[in-house]
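Engineer: Structure below; questions to follow.
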Amino acid sequence: MPATPGRELALRVLVEVEKGAYADVAFSRLSRREEDARERAFAQDLAYGVVRRLLPIDRSLARHLRHPLEKLPAPVRNSLRLGAYELLYGGGRAYAAVSQAVELARAHGHAGTASLVNAVLRRIARDPRPAGPDPGAGEVERISLEHSCPEWLVRRWVARLGAGEAGALCAALNRTPPLAGRCNLTRIGVADLLARLEGEGVRVRPGRYRPECFVLEDSPRPVAELPSFREGFFSLQDEGSALVAPVLDPRPGLRVVDACSAPGTKTAHLLELMGGNGEVLAVDVHPGRLRLVEEGCARLGLGGLHTVAGDARRLAELLPPAWQGRADRILVDAPCSGLGALARRPDLRWRRREEDLATLSALQREILDGAAAALDPGGVLVYSTCTTEPEENQQVVEAFLARHPEFAVDDLGPWVPAALVGECRNGWLQLWPHRHGVDGFFICRLRKYRDG
(Lines give C-alpha, C1' and ligand atoms only; values in the text may rest on other atoms or scores of the structure.)
Protein backbone atom coordinates (compact mmCIF):
# COMPACT_ATOMS: atom_id res chain seq x y z
CA MET A 1 0.00 0.00 0.00
CA PRO A 2 1.63 3.31 -1.04
CA ALA A 3 2.13 6.16 1.41
CA THR A 4 -0.70 8.66 1.75
CA PRO A 5 -0.54 11.85 -0.35
CA GLY A 6 -0.03 13.96 2.77
CA ARG A 7 3.03 12.01 3.89
CA GLU A 8 4.46 11.98 0.37
CA LEU A 9 4.01 15.76 0.19
CA ALA A 10 5.60 16.24 3.63
CA LEU A 11 8.62 14.19 2.54
CA ARG A 12 9.12 16.27 -0.60
CA VAL A 13 8.92 19.48 1.45
CA LEU A 14 11.56 18.23 3.91
CA VAL A 15 13.92 17.23 1.10
CA GLU A 16 13.54 20.69 -0.45
CA VAL A 17 14.21 22.37 2.90
CA GLU A 18 17.45 20.39 3.18
CA LYS A 19 18.44 21.78 -0.21
CA GLY A 20 18.02 25.31 1.12
CA ALA A 21 14.38 26.14 0.37
CA TYR A 22 12.30 27.96 2.97
CA ALA A 23 9.67 25.64 4.43
CA ASP A 24 6.74 27.95 3.69
CA VAL A 25 7.88 28.57 0.12
CA ALA A 26 8.51 24.87 -0.53
CA PHE A 27 5.15 23.87 0.90
CA SER A 28 3.27 26.53 -1.06
CA ARG A 29 4.88 25.42 -4.32
CA LEU A 30 4.67 21.67 -3.83
CA SER A 31 1.14 21.57 -2.39
CA ARG A 32 -0.56 23.21 -5.36
CA ARG A 33 -1.31 19.88 -7.02
CA GLU A 34 -2.87 18.35 -3.91
CA GLU A 35 -6.61 18.92 -4.10
CA ASP A 36 -7.55 17.33 -0.78
CA ALA A 37 -7.49 20.09 1.86
CA ARG A 38 -7.14 17.54 4.67
CA GLU A 39 -4.08 15.97 3.07
CA ARG A 40 -2.52 19.41 2.55
CA ALA A 41 -3.12 20.35 6.17
CA PHE A 42 -1.77 17.00 7.38
CA ALA A 43 1.33 17.40 5.21
CA GLN A 44 2.01 20.87 6.58
CA ASP A 45 1.61 19.68 10.16
CA LEU A 46 4.01 16.80 9.54
CA ALA A 47 6.67 18.76 7.67
CA TYR A 48 6.62 21.75 10.02
CA GLY A 49 6.49 19.42 13.01
CA VAL A 50 9.65 17.63 11.92
CA VAL A 51 11.45 20.93 11.34
CA ARG A 52 10.38 22.22 14.76
CA ARG A 53 11.38 19.03 16.60
CA LEU A 54 14.52 18.24 14.63
CA LEU A 55 16.97 18.08 17.55
CA PRO A 56 15.18 15.44 19.68
CA ILE A 57 14.07 13.52 16.57
CA ASP A 58 17.62 13.21 15.26
CA ARG A 59 18.96 12.38 18.73
CA SER A 60 16.31 9.65 19.09
CA LEU A 61 17.12 8.19 15.68
CA ALA A 62 20.88 8.27 16.35
CA ARG A 63 20.42 5.92 19.30
CA HIS A 64 19.27 3.18 16.91
CA LEU A 65 21.53 3.76 13.89
CA ARG A 66 24.96 2.22 13.33
CA HIS A 67 26.04 5.01 11.00
CA PRO A 68 25.41 8.78 11.14
CA LEU A 69 21.98 9.89 9.98
CA GLU A 70 23.64 12.36 7.60
CA LYS A 71 25.13 9.48 5.59
CA LEU A 72 21.71 8.27 4.47
CA PRO A 73 20.10 9.55 1.25
CA ALA A 74 17.89 12.58 1.92
CA PRO A 75 14.55 10.82 1.15
CA VAL A 76 15.42 7.93 3.48
CA ARG A 77 16.70 10.24 6.23
CA ASN A 78 13.52 12.28 6.10
CA SER A 79 11.29 9.19 5.93
CA LEU A 80 12.87 8.20 9.24
CA ARG A 81 12.24 11.68 10.64
CA LEU A 82 8.61 11.65 9.58
CA GLY A 83 8.03 8.26 11.18
CA ALA A 84 9.85 9.29 14.35
CA TYR A 85 7.87 12.52 14.58
CA GLU A 86 4.58 10.62 14.38
CA LEU A 87 5.73 8.14 17.01
CA LEU A 88 7.17 10.70 19.41
CA TYR A 89 4.78 13.62 18.98
CA GLY A 90 1.94 12.67 16.64
CA GLY A 91 -0.27 10.77 19.03
CA GLY A 92 -1.49 8.44 16.26
CA ARG A 93 -1.26 4.72 15.71
CA ALA A 94 2.28 3.34 15.83
CA TYR A 95 1.54 0.78 13.11
CA ALA A 96 0.50 3.47 10.63
CA ALA A 97 3.50 5.67 11.43
CA VAL A 98 5.97 2.81 10.88
CA SER A 99 4.35 1.25 7.84
CA GLN A 100 3.89 4.58 6.07
CA ALA A 101 7.50 5.60 6.65
CA VAL A 102 8.60 2.21 5.31
CA GLU A 103 6.54 2.75 2.17
CA LEU A 104 8.13 6.17 1.68
CA ALA A 105 11.61 4.67 2.03
CA ARG A 106 10.73 1.87 -0.38
CA ALA A 107 9.34 4.30 -2.97
CA HIS A 108 12.39 6.57 -2.78
CA GLY A 109 15.02 3.92 -2.09
CA HIS A 110 15.07 0.13 -2.19
CA ALA A 111 14.23 -2.91 -0.11
CA GLY A 112 17.30 -2.45 2.05
CA THR A 113 16.47 1.11 3.04
CA ALA A 114 12.86 0.10 3.71
CA SER A 115 14.13 -2.63 6.07
CA LEU A 116 16.38 -0.13 7.85
CA VAL A 117 13.51 2.30 8.38
CA ASN A 118 11.29 -0.52 9.61
CA ALA A 119 13.86 -1.76 12.14
CA VAL A 120 14.74 1.68 13.54
CA LEU A 121 11.15 2.88 13.90
CA ARG A 122 10.01 -0.37 15.51
CA ARG A 123 12.64 0.16 18.19
CA ILE A 124 11.41 3.71 18.79
CA ALA A 125 7.80 2.48 18.87
CA ARG A 126 8.65 0.20 21.78
CA ASP A 127 9.70 3.24 23.84
CA PRO A 128 8.22 6.35 22.18
CA ARG A 129 9.88 8.97 24.33
CA PRO A 130 12.11 11.68 22.85
CA ALA A 131 15.80 11.35 23.65
CA GLY A 132 16.77 13.27 26.76
CA PRO A 133 19.95 15.20 27.55
CA ASP A 134 23.11 13.51 28.74
CA PRO A 135 23.55 13.10 32.51
CA GLY A 136 24.87 16.27 34.05
CA ALA A 137 23.66 18.49 31.21
CA GLY A 138 23.06 22.11 32.13
CA GLU A 139 19.75 23.93 31.86
CA VAL A 140 20.61 25.46 28.47
CA GLU A 141 21.34 22.06 26.93
CA ARG A 142 18.23 20.59 28.57
CA ILE A 143 15.91 23.31 27.28
CA SER A 144 17.57 23.22 23.87
CA LEU A 145 17.00 19.48 23.43
CA GLU A 146 13.57 19.35 25.04
CA HIS A 147 12.20 22.19 22.91
CA SER A 148 14.43 21.71 19.84
CA CYS A 149 15.94 25.17 19.83
CA PRO A 150 19.58 26.11 19.11
CA GLU A 151 21.70 26.43 22.22
CA TRP A 152 22.97 29.89 21.32
CA LEU A 153 19.42 31.20 21.28
CA VAL A 154 18.35 29.38 24.44
CA ARG A 155 21.42 30.76 26.21
CA ARG A 156 20.39 34.31 25.34
CA TRP A 157 16.81 33.81 26.50
CA VAL A 158 17.83 32.12 29.75
CA ALA A 159 20.15 35.06 30.53
CA ARG A 160 17.34 37.59 29.94
CA LEU A 161 14.24 35.72 31.10
CA GLY A 162 15.41 32.94 33.40
CA ALA A 163 15.22 29.22 32.68
CA GLY A 164 11.51 28.83 33.43
CA GLU A 165 10.34 31.59 31.13
CA ALA A 166 12.86 30.72 28.44
CA GLY A 167 11.42 27.20 28.41
CA ALA A 168 7.89 28.60 28.16
CA LEU A 169 8.94 30.78 25.22
CA CYS A 170 10.53 27.82 23.42
CA ALA A 171 7.39 25.76 24.05
CA ALA A 172 5.21 28.52 22.60
CA LEU A 173 7.38 28.67 19.49
CA ASN A 174 6.79 24.94 18.95
CA ARG A 175 3.01 25.27 18.84
CA THR A 176 1.19 25.58 15.55
CA PRO A 177 0.28 29.29 15.45
CA PRO A 178 -3.34 30.28 14.97
CA LEU A 179 -4.45 31.38 11.51
CA ALA A 180 -5.36 34.99 12.17
CA GLY A 181 -7.24 37.47 10.02
CA ARG A 182 -7.92 41.20 9.87
CA CYS A 183 -11.23 42.56 8.65
CA ASN A 184 -11.07 45.08 5.79
CA LEU A 185 -13.23 47.76 7.38
CA THR A 186 -13.40 49.74 4.16
CA ARG A 187 -15.49 46.91 2.68
CA ILE A 188 -17.44 45.25 5.51
CA GLY A 189 -18.08 45.41 9.26
CA VAL A 190 -16.58 42.85 11.63
CA ALA A 191 -19.91 41.29 12.66
CA ASP A 192 -21.02 40.93 9.06
CA LEU A 193 -17.71 39.38 8.05
CA LEU A 194 -17.75 36.84 10.88
CA ALA A 195 -21.33 35.89 9.99
CA ARG A 196 -20.35 35.50 6.38
CA LEU A 197 -17.37 33.32 7.26
CA GLU A 198 -19.54 31.10 9.42
CA GLY A 199 -21.88 30.77 6.44
CA GLU A 200 -18.89 29.55 4.42
CA GLY A 201 -18.27 26.85 7.03
CA VAL A 202 -15.42 28.61 8.84
CA ARG A 203 -15.24 28.53 12.63
CA VAL A 204 -13.97 31.85 13.96
CA ARG A 205 -13.32 33.56 17.27
CA PRO A 206 -12.45 37.16 18.12
CA GLY A 207 -8.84 38.26 18.49
CA ARG A 208 -7.26 39.39 21.74
CA TYR A 209 -6.44 43.03 21.17
CA ARG A 210 -8.05 44.74 18.17
CA PRO A 211 -11.73 44.50 17.19
CA GLU A 212 -10.99 43.96 13.49
CA CYS A 213 -8.81 40.92 14.25
CA PHE A 214 -10.05 37.36 14.54
CA VAL A 215 -8.83 33.76 14.45
CA LEU A 216 -9.90 31.18 11.88
CA GLU A 217 -10.10 27.99 13.93
CA ASP A 218 -11.24 25.67 11.15
CA SER A 219 -11.97 26.01 7.46
CA PRO A 220 -13.41 23.49 5.00
CA ARG A 221 -11.02 24.71 2.30
CA PRO A 222 -7.80 26.74 1.99
CA VAL A 223 -8.36 30.34 3.01
CA ALA A 224 -7.31 31.62 -0.41
CA GLU A 225 -10.29 29.75 -1.89
CA LEU A 226 -12.89 31.25 0.45
CA PRO A 227 -15.24 33.70 -1.30
CA SER A 228 -14.80 36.23 1.50
CA PHE A 229 -11.05 36.21 1.01
CA ARG A 230 -11.14 36.29 -2.78
CA GLU A 231 -13.55 39.23 -2.67
CA GLY A 232 -11.23 41.22 -0.42
CA PHE A 233 -13.15 41.30 2.83
CA PHE A 234 -10.18 40.30 4.96
CA SER A 235 -6.43 39.68 5.05
CA LEU A 236 -4.37 37.09 6.85
CA GLN A 237 -2.22 38.75 9.52
CA ASP A 238 -0.95 37.81 12.95
CA GLU A 239 -2.48 40.07 15.56
CA GLY A 240 0.94 41.20 16.78
CA SER A 241 1.68 42.41 13.29
CA ALA A 242 -1.73 44.10 13.16
CA LEU A 243 -0.76 46.33 16.10
CA VAL A 244 1.95 48.10 14.10
CA ALA A 245 0.07 50.22 11.53
CA PRO A 246 -2.29 51.90 14.04
CA VAL A 247 0.74 53.23 15.96
CA LEU A 248 1.70 55.29 12.89
CA ASP A 249 -1.71 57.02 13.00
CA PRO A 250 -2.04 57.43 9.22
CA ARG A 251 -4.61 60.03 8.12
CA PRO A 252 -5.99 61.20 4.77
CA GLY A 253 -3.98 64.09 3.39
CA LEU A 254 -0.72 63.06 5.05
CA ARG A 255 2.33 61.92 3.08
CA VAL A 256 2.62 58.32 4.32
CA VAL A 257 5.46 55.91 3.46
CA ASP A 258 5.89 52.19 4.11
CA ALA A 259 9.65 52.01 3.66
CA CYS A 260 10.08 48.18 3.62
CA SER A 261 6.65 47.26 2.37
CA ALA A 262 6.64 43.80 0.77
CA PRO A 263 4.62 41.62 0.98
CA GLY A 264 2.26 44.50 1.75
CA THR A 265 0.08 43.36 4.65
CA LYS A 266 0.92 46.45 6.71
CA THR A 267 0.71 48.68 3.63
CA ALA A 268 -2.88 47.54 3.11
CA HIS A 269 -3.62 48.07 6.79
CA LEU A 270 -2.38 51.66 6.55
CA LEU A 271 -4.72 52.32 3.62
CA GLU A 272 -7.63 50.72 5.45
CA LEU A 273 -7.00 52.84 8.54
CA MET A 274 -7.22 55.89 6.28
CA GLY A 275 -10.73 54.80 5.36
CA GLY A 276 -9.98 54.34 1.69
CA ASN A 277 -9.35 58.09 1.30
CA GLY A 278 -5.61 58.29 1.75
CA GLU A 279 -2.44 57.60 -0.20
CA VAL A 280 0.53 55.46 0.76
CA LEU A 281 3.88 55.19 -0.98
CA ALA A 282 5.13 51.59 -0.72
CA VAL A 283 8.90 51.20 -1.09
CA ASP A 284 10.81 47.95 -1.38
CA VAL A 285 14.28 47.09 -2.59
CA HIS A 286 12.95 44.07 -4.54
CA PRO A 287 10.87 45.14 -7.57
CA GLY A 288 9.32 41.69 -7.92
CA ARG A 289 8.01 41.72 -4.37
CA LEU A 290 6.29 45.04 -4.96
CA ARG A 291 3.92 43.10 -7.22
CA LEU A 292 2.72 41.27 -4.10
CA VAL A 293 1.90 44.64 -2.52
CA GLU A 294 -0.02 45.73 -5.62
CA GLU A 295 -1.88 42.45 -5.95
CA GLY A 296 -2.86 42.41 -2.29
CA CYS A 297 -4.21 45.95 -2.31
CA ALA A 298 -6.07 45.28 -5.58
CA ARG A 299 -7.75 42.21 -4.05
CA LEU A 300 -8.85 44.33 -1.09
CA GLY A 301 -10.22 47.04 -3.37
CA LEU A 302 -7.87 49.66 -1.93
CA GLY A 303 -6.97 52.73 -3.94
CA GLY A 304 -4.31 55.28 -3.12
CA LEU A 305 -1.34 52.91 -3.42
CA HIS A 306 1.84 54.10 -5.11
CA THR A 307 4.93 51.91 -5.37
CA VAL A 308 8.59 52.57 -6.03
CA ALA A 309 11.48 50.14 -6.08
CA GLY A 310 14.55 51.31 -4.25
CA ASP A 311 16.76 51.16 -1.19
CA ALA A 312 15.16 52.66 1.93
CA ARG A 313 18.62 53.73 3.09
CA ARG A 314 18.24 56.50 0.51
CA LEU A 315 14.55 57.05 1.08
CA ALA A 316 14.48 60.82 0.47
CA GLU A 317 15.65 60.22 -3.10
CA LEU A 318 12.70 57.90 -3.76
CA LEU A 319 9.89 60.23 -2.70
CA PRO A 320 7.71 61.97 -5.31
CA PRO A 321 9.16 65.31 -6.50
CA ALA A 322 6.12 67.16 -5.14
CA TRP A 323 7.01 65.99 -1.63
CA GLN A 324 10.43 67.70 -1.86
CA GLY A 325 12.08 64.78 -0.11
CA ARG A 326 9.81 64.88 2.96
CA ALA A 327 7.08 62.65 4.42
CA ASP A 328 4.71 63.10 7.37
CA ARG A 329 4.55 59.46 8.45
CA ILE A 330 7.09 56.69 7.83
CA LEU A 331 6.79 53.05 8.79
CA VAL A 332 10.04 51.08 8.94
CA ASP A 333 9.08 47.44 9.39
CA ALA A 334 12.70 46.46 9.12
CA PRO A 335 14.34 43.32 7.77
CA CYS A 336 15.22 41.28 10.85
CA SER A 337 16.15 37.84 12.14
CA GLY A 338 12.48 36.83 12.50
CA LEU A 339 13.17 35.13 15.83
CA GLY A 340 9.83 36.25 17.24
CA ALA A 341 7.99 34.35 14.50
CA LEU A 342 9.68 30.94 14.74
CA ALA A 343 6.31 29.28 15.32
CA ARG A 344 5.24 30.51 11.89
CA ARG A 345 8.61 29.96 10.19
CA PRO A 346 10.11 26.99 12.05
CA ASP A 347 13.12 26.50 9.76
CA LEU A 348 14.50 29.94 10.66
CA ARG A 349 15.80 28.55 13.96
CA TRP A 350 18.25 26.38 12.00
CA ARG A 351 19.20 29.09 9.48
CA ARG A 352 20.01 31.94 11.85
CA ARG A 353 23.36 32.35 13.57
CA GLU A 354 24.19 34.67 16.45
CA GLU A 355 26.53 36.67 14.25
CA ASP A 356 23.56 37.53 11.99
CA LEU A 357 22.28 39.94 14.65
CA ALA A 358 25.18 42.35 14.17
CA THR A 359 24.80 42.30 10.38
CA LEU A 360 21.06 42.90 10.57
CA SER A 361 21.30 45.64 13.19
CA ALA A 362 23.78 47.52 10.98
CA LEU A 363 21.29 47.40 8.10
CA GLN A 364 18.43 48.46 10.39
CA ARG A 365 20.39 51.49 11.59
CA GLU A 366 21.14 52.55 8.03
CA ILE A 367 17.48 52.24 7.04
CA LEU A 368 16.43 54.34 10.04
CA ASP A 369 18.97 56.99 9.06
CA GLY A 370 17.45 57.06 5.58
CA ALA A 371 13.98 57.43 7.06
CA ALA A 372 15.14 60.22 9.39
CA ALA A 373 16.40 62.27 6.45
CA ALA A 374 13.05 61.83 4.65
CA LEU A 375 10.78 62.87 7.54
CA ASP A 376 9.42 66.38 7.98
CA PRO A 377 9.77 68.05 11.41
CA GLY A 378 6.68 67.17 13.42
CA GLY A 379 6.44 63.86 11.59
CA VAL A 380 6.19 60.37 13.09
CA LEU A 381 8.49 57.41 12.46
CA VAL A 382 7.44 53.93 13.62
CA TYR A 383 10.11 51.24 13.85
CA SER A 384 9.04 47.61 14.12
CA THR A 385 10.52 44.12 13.82
CA CYS A 386 9.32 40.57 14.38
CA THR A 387 12.23 39.63 16.62
CA THR A 388 12.90 39.42 20.34
CA GLU A 389 16.54 40.43 20.40
CA PRO A 390 17.66 43.79 21.85
CA GLU A 391 20.48 44.21 19.30
CA GLU A 392 17.78 44.59 16.64
CA ASN A 393 15.28 46.44 18.81
CA GLN A 394 16.04 48.59 21.84
CA GLN A 395 19.72 48.99 21.02
CA VAL A 396 18.92 50.08 17.46
CA VAL A 397 16.53 52.72 18.80
CA GLU A 398 18.99 53.91 21.45
CA ALA A 399 21.77 54.24 18.89
CA PHE A 400 19.40 56.07 16.54
CA LEU A 401 18.46 58.60 19.20
CA ALA A 402 22.13 59.17 20.01
CA ARG A 403 22.81 59.94 16.33
CA HIS A 404 19.63 61.97 15.87
CA PRO A 405 18.93 64.28 18.82
CA GLU A 406 16.20 65.88 16.71
CA PHE A 407 14.09 62.78 17.49
CA ALA A 408 12.51 61.58 20.72
CA VAL A 409 10.43 58.56 21.63
CA ASP A 410 6.70 59.19 21.61
CA ASP A 411 4.18 57.85 24.09
CA LEU A 412 2.69 54.62 22.80
CA GLY A 413 -0.25 54.74 25.21
CA PRO A 414 -2.80 56.35 22.86
CA TRP A 415 -1.97 53.95 20.03
CA VAL A 416 -1.91 50.48 21.55
CA PRO A 417 -4.81 48.47 23.02
CA ALA A 418 -5.58 49.23 26.66
CA ALA A 419 -4.55 45.69 27.67
CA LEU A 420 -1.00 46.41 26.48
CA VAL A 421 -0.45 49.94 27.78
CA GLY A 422 1.14 48.59 30.95
CA GLU A 423 3.59 46.59 28.85
CA CYS A 424 5.09 49.69 27.19
CA ARG A 425 8.58 50.66 28.30
CA ASN A 426 10.43 53.87 27.35
CA GLY A 427 8.34 54.39 24.23
CA TRP A 428 8.53 50.81 22.96
CA LEU A 429 6.54 47.61 23.24
CA GLN A 430 7.99 44.09 23.08
CA LEU A 431 5.44 41.35 22.45
CA TRP A 432 6.26 37.75 23.40
CA PRO A 433 4.56 34.61 22.04
CA HIS A 434 4.35 32.93 25.46
CA ARG A 435 3.05 36.04 27.23
CA HIS A 436 0.78 37.63 24.65
CA GLY A 437 -0.23 34.77 22.35
CA VAL A 438 1.02 36.56 19.21
CA ASP A 439 4.25 36.70 17.24
CA GLY A 440 7.18 38.38 19.00
CA PHE A 441 6.91 41.93 17.65
CA PHE A 442 8.80 45.04 18.73
CA ILE A 443 7.16 48.44 18.12
CA CYS A 444 8.55 51.92 18.81
CA ARG A 445 7.09 55.34 17.91
CA LEU A 446 9.48 58.24 17.34
CA ARG A 447 8.72 61.89 16.61
CA LYS A 448 10.98 64.37 14.79
CA TYR A 449 10.98 67.81 16.42
CA ARG A 450 13.35 69.73 14.18
CA ASP A 451 15.71 69.28 11.27
CA GLY A 452 18.91 67.48 12.14
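Engineer: Which one of these is out of contact with any Gly (no Cβ under 7 Å at 6 or more places or on another chain), under 12 Å from Ala125 (Cβ atoms) and either part of a helix (DSSP H, G or I) or not acidic (Asp, Glu) (or both): Leu82, Leu88, Leu65?
Structural biologist: Criteria check complete, one pass: Leu88.
Engineer: Within region 411-428, is there a residue that is assigned to a strand (DSSP E or B) and either at positive phi or buried (at least 18 other Cβ atoms within 10 Å of the Cβ) (or both)? Steps first, answer last, please.
Structural biologist: Step one: of region 411-428, the residues assigned to a strand (DSSP E or B) are 425, 428.
Imposing the further condition that a residue be either at positive phi or buried (at least 18 other Cβ atoms within 10 Å of the Cβ) (or both) reduces the set to 428.
Within region 411-428 (the criterion being assigned to a strand (DSSP E or B) and either at positive phi or buried (at least 18 other Cβ atoms within 10 Å of the Cβ) (or both)), the answer is yes, since at least one residue qualifies.
Engineer: Quick check on Leu348: is it within 17 Å of the chain's Cα centre (by Cα) and in the same structural domain as Val280 (by TED's automatic domain parsing)?
Structural biologist: It is true that Leu348 is within 17 Å of the chain's Cα centre (by Cα) and in the same structural domain as Val280 (by TED's automatic domain parsing).
Engineer: Using the structure shown, decide if Arg329 is in contact (Cβ under 8 Å) with a residue 40 or more places away in the chain and touching a Pro at 6+ places or on another chain (Cβ under 9 Å).
Structural biologist: yes
Engineer: Within region 323-346, how many residues turn out to be within 19 Å of Ala172 (Cα to Cα), surrounded by fewer than 24 Cβ atoms within 10 Å (Cβ to Cβ) and touching a helix residue (DSSP H, G or I) at 6+ places or on another chain (Cβ under 6 Å)?
Structural biologist: Selection size over region 323-346: 2.
Engineer: I'd like to know if region 184-192 contains one or more residues that are touching a residue at least 12 places away in the same chain (Cβ under 8 Å), within 23 Å of Ala84 (Cβ to Cβ), aliphatic (A, V, I, L, M) and surrounded by fewer than 21 Cβ atoms within 10 Å (Cβ to Cβ).
Structural biologist: No, because not a single residue in region 184-192 is touching a residue at least 12 places away in the same chain (Cβ under 8 Å), within 23 Å of Ala84 (Cβ to Cβ), aliphatic (A, V, I, L, M) and surrounded by fewer than 21 Cβ atoms within 10 Å (Cβ to Cβ).
Engineer: Quick one: would you say Glu146 is within 23 Å of Arg353 (Cβ to Cβ) and surrounded by fewer than 18 Cβ atoms within 10 Å (Cβ to Cβ)?
Structural biologist: Against the criterion (within 23 Å of Arg353 (Cβ to Cβ) and surrounded by fewer than 18 Cβ atoms within 10 Å (Cβ to Cβ)), Glu146 does not qualify.
Engineer: Please determine whether any residue of region 198-215 is hydrophobic (A, V, I, L, M, F, W, C), touching a Lys or Arg at 6+ places or on another chain (Cβ under 6 Å) and free of Cβ contacts under 8 Å to residues at least 60 places away in the same chain.
Structural biologist: yes
Engineer: Can you confirm whether Ala74 is over 23 Å from Ala171 (Cβ atoms) and among the hydrophobic types (A, V, I, L, M, F, W, C)?
Structural biologist: yes
Engineer: Considering Leu281, Leu360, Leu368, which residue is within 25 Å of the chain's Cα centre (by Cα), of a type outside the set (Phe, Trp, Tyr), part of a helix (DSSP H, G or I) and farther than 24 Å from Val51 by Cβ?
Structural biologist: Leu368
Engineer: Sort out which residues of region 37-49 are among the aromatic types (Phe, Trp, Tyr) and either touching a Gly at 6+ places or on another chain (Cβ under 9 Å) or not in a helix (DSSP H, G or I) (or both), and write them in order of number. Break it down stepwise before answering.
Structural biologist: Initially, region 37-49 is screened for residues among the aromatic types (Phe, Trp, Tyr), giving 42, 48.
Of everything in region 37-49, just one residue is among the aromatic types (Phe, Trp, Tyr) and either touching a Gly at 6+ places or on another chain (Cβ under 9 Å) or not in a helix (DSSP H, G or I) (or both), namely Phe42.
Engineer: Separate question: Kindly indicate whether any position in region 92-99 is aromatic (Phe, Trp, Tyr), in a helix (DSSP H, G or I) and surrounded by 22 or more Cβ atoms within 10 Å (Cβ to Cβ).
Structural biologist: No, the conditions are met nowhere in region 92-99.
Engineer: Please name all residue pairs, on different chains or six or more residues apart, with Cβ atoms under 6 Å, provided the first residue is in region 217-231 and is of a type in the set (A, V, I, L, M) and the second residue is in a helix (DSSP H, G or I) and modelled with pLDDT of 95 or more.
Structural biologist: Val223/Phe229
Engineer: Considering only region 162-234, give the helices (runs of 4 or more DSSP H) lying wholly within it that have at least 1 residues that are of a type in the set (Phe, Trp, Tyr) and at pLDDT 95 or above.
Structural biologist: In region 162-234, the matching helices (runs of 4 or more DSSP H) lie at 227-230.
Engineer: Could I ask something else about it? Among Ser60, Ser99, Ser79, which is touching a residue at least 60 places away in the same chain (Cβ under 8 Å), over 23 Å from the mean Cα position of the chain (by Cα) and closer than 21 Å to His147 by Cα?
Structural biologist: Ser60
Engineer: Suppose the filter is of a type outside the set (D, E, K, R), farther than 17 Å from Cys297 by Cα and under 18 Å from the mean Cα position of the chain (by Cα); does Gly253 pass it?
Structural biologist: no
Engineer: If you check every pair at least six apart or on different chains, which have Cβ atoms under 9 Å apart with a residue in region 111-122 that is under 17 Å from Pro2 (Cα atoms) first and a residue that is not in a helix (DSSP H, G or I) second?
Structural biologist: Thr113/Leu72; Thr113/Pro73; Val117/Gly109
Engineer: Taking the criterion of being in a helix (DSSP H, G or I) and either in contact with a Lys or Arg (Cβ under 6 Å, 6 or more places away or on another chain) or surrounded by fewer than 13 Cβ atoms within 10 Å (Cβ to Cβ) (or both), would at least one residue in region 50-58 satisfy it?
Structural biologist: Taking every residue of region 50-58 in turn, at least one turns out to be in a helix (DSSP H, G or I) and either in contact with a Lys or Arg (Cβ under 6 Å, 6 or more places away or on another chain) or surrounded by fewer than 13 Cβ atoms within 10 Å (Cβ to Cβ) (or both).
The values are calculated or read from the model by the stated rules, or taken from the named source; none is laboratory data. Fair warning: this is a prediction, and the values are worked out from it, not measured in the lab. Note: ideal-geometry Cβ built from the backbone for every residue, glycine included; neighbour counts use all protein chains shown.
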